[in-house]
Amino acid sequence: MSKNEKNYSDKDLNGMSNGELARLGTELDDVTVAYRKERFPIDNDPAEKRASRAVALWLGIGVLSAIAFLGVYIAWPWQYKGLGDEGVTLYTFYTPLLGITAGLAILSLGFAVVLYVKTIIPEEIAVQRRHDGPSSEVDRRTIVALLNDSWETSTLGRRKVLQGLLGMSAVLVGLVIAAPLGGMIKNPWKAGKLGIQGDGTLWTSGWTLTEKGVKLYLGRDTGALAVKHETDAGEHYSTQGVTRLVRMRPEDLAAAAMETVFPLPEEDVNDGDLYDPTRDVYETHMHSIHGPRNAVMLIRLRSSDAAKVVERVGQEDFHFGDYYAYSKICTHIGCPTSLYEAQTNRILCPCHQSQFDALHYGKPVFGPAARALPQLPITVDEDGYLVAAGNFVEPVGPAFWERKS
Ligand code: FES
């Protein structure tokens, strides 16, 4: 009969009990158990019950916290509420509650495991001599036996309640970690509110509204914030009468200058002769500013430069005099192409240094971007304000599978 390198045949190994294999494994691994003491040598020791209950308590807290986290994550009102809105108090608790319940779930599971090891598993000090090389058959068999022995020693096999709680809390804590990833899964093709063909989030922007016949002004961001009011009830902040976006006239921009503008629907205008101090348009203006594809660079070229412009076929009438409006969203991977260099008429994206030529329909001339910046058709209305003359004719931002241009 063939013997393996440690002189134990398969028959020898098969004839050994789990305990014998575990002991053999310890010896063969050069492990010396220097100290070992059972925690509860006497059966039915009340101290054992107390220790077990403490572990169960922490596991129970972990399970309840994980369930609470999932409940808050799914059912708590999370939609943004501004100051003074109905439900703002509940909304402000959303994030803290997620943090508290998730933290408690993970910490409780950690406490329970540490407590179990410290109070129930036998105390042991083992020392192993280090050696090199691959594991032999004997080592592999004995390590399995040692693991089995650890399971037996842990006494977890006969503690059904702890076993169940541990399993449940491990699964729930896993869910606590994995569930927030669900919030990142979105269908980019889901139809939006506009009810027009291709109204998915990647196809449209705030400028798409022009297709519904709404006049869209080029709104300049004033940076205005809520203002303080003194009333009999004390001081408070309000956005009433605060106008974040204002309409622009061509003369508001000097030659060789650039201004970032956002879509400002006619119904949300609150400036100039339409100013009404009792109106609150702040939130709608902020929605426009935060729209991921809304930012547009309005560039006023010097007249001498404007004379050199090469228009893109089909976009010859997209500009208004010396004024050109290009999407600010880089066609590489979507950073804001914030830098307009007036001397060279180049637009620079600071992320990966793509450069676009403002005199050449925003086509890329350097860097990783491969497509021109989409151009927004603009004009002025009867009152002399700059307005969008239509929608972009191509999707704004980086490339994606389905786009054709
Ligand atoms: S995102 Fe603009 S160059 Fe990369």
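Here, each number is a calculation from the coordinates, and none is a lab measurement. Owing to the predicted nature of the structure, the values given are computational and were not obtained by experimental measurement. So basically every Cβ, Gly included, is an ideal-geometry build from the backbone, and we count neighbours across all protein chains shown.
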### Task
Would you mind checking which residues have amide H under 5 Å from residue 365's amide H? H placed 1.01 Å from N; only 5 or more apart, or other chain.
355, 356, 357
### Proxy reagent accessibility, fewest Cβ within 10 Å first, across 158, 371, 249
158, 249, 371
#### Entry: Virtual paramagnetic centre 7 Å along Cα→Cβ of residue 48, amide N under 15 Å, in the stretch 19-38
37-38
### Summary
Dividing the helical contributions, -39500 (n - 2.57) per DSSP H run of n ≥ 4, by the residues of the chain yields a 222 nm value, nearest 500 deg cm²/dmol, of -10500 deg cm²/dmol
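Counting other beta carbons within 10 Å of each residue's own, what order do 90, 373, 301, 225 fall into, fewest first?
Least crowded to most crowded, the residues run 225, 90, 301, 373.
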#### Entry: Per-residue ³J(HN,Hα) for the stretch 34-40, Karplus 6.51 cos²θ - 1.76 cosθ + 1.60, θ = phi - 60°, Hz, x for Gly and Pro
7, 7, 8, 9, 5, 6, 10
## Note on the structure
Taking a crude spin-label model, label points 7 Å out from Cα along the C-beta direction, the residue 11 to residue 308 distance in nm is 9.6 nm
### Amide H contacts of residue 293 (H built 1.01 Å from N, under 5 Å, at least 5 apart or other chain)
206
### Summary
Residue by residue through the stretch 118-127, the couplings from Karplus 6.51 cos²θ - 1.76 cosθ + 1.60 with θ = phi - 60°, in Hz, x for Gly and Pro, are 6, 10, 10, 5, x, 6, 8, 10, 10, 10
### Message
Binning at 10 angstrom from zero up to the longest distance, how are the C-alpha pair distances of the stretch 3-182 distributed in percent?
### Response
9, 25, 22, 21, 13, 7, 3, 1, 0
### Positive-pole candidate from 107, 288, 18, dipole of the chain, charges at beta carbon
18
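Once you wrap a convex hull around the alpha carbon atoms of the chain, what is its projected area averaged over all directions, in nm²?
35.0 nm²
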#### Entry: Low-density loop cleavage sites - trypsin sites (Lys or Arg not before Pro) in the stretch 88-137, where at most 14 other Cβ are within 10 Å (DSSP)
129, 130
### Task
Once you have the Kirkwood Rh of the stretch 206-388 from its Cα pairs, apply Stokes-Einstein at 10 °C and 1.306 mPa s and quote D in µm²/s.
91 µm²/s
### Task
Based on other C-beta atoms within 10 Å, arrange 16, 248 from fewest to most.
16, 248
### Message
Residue by residue through the stretch 97-107, what is 3J(HN,Hα) from phi via Karplus (6.51 cos²θ - 1.76 cosθ + 1.60, θ = phi - 60°)? Round to whole Hz and write x for glycine and proline.
### Response
5, 4, x, 5, 5, 5, x, 5, 4, 6, 5
### Query
Given R₀ = 35 Å, FRET efficiency for residue 381-residue 74 by Cβ-Cβ distance, to 0.05?
0.15
### Message
I'd like the distance between the alpha-carbon centres of the stretch 255-334 and the stretch 59-129, rounded to an integer number of Å.
### Response
46 Å
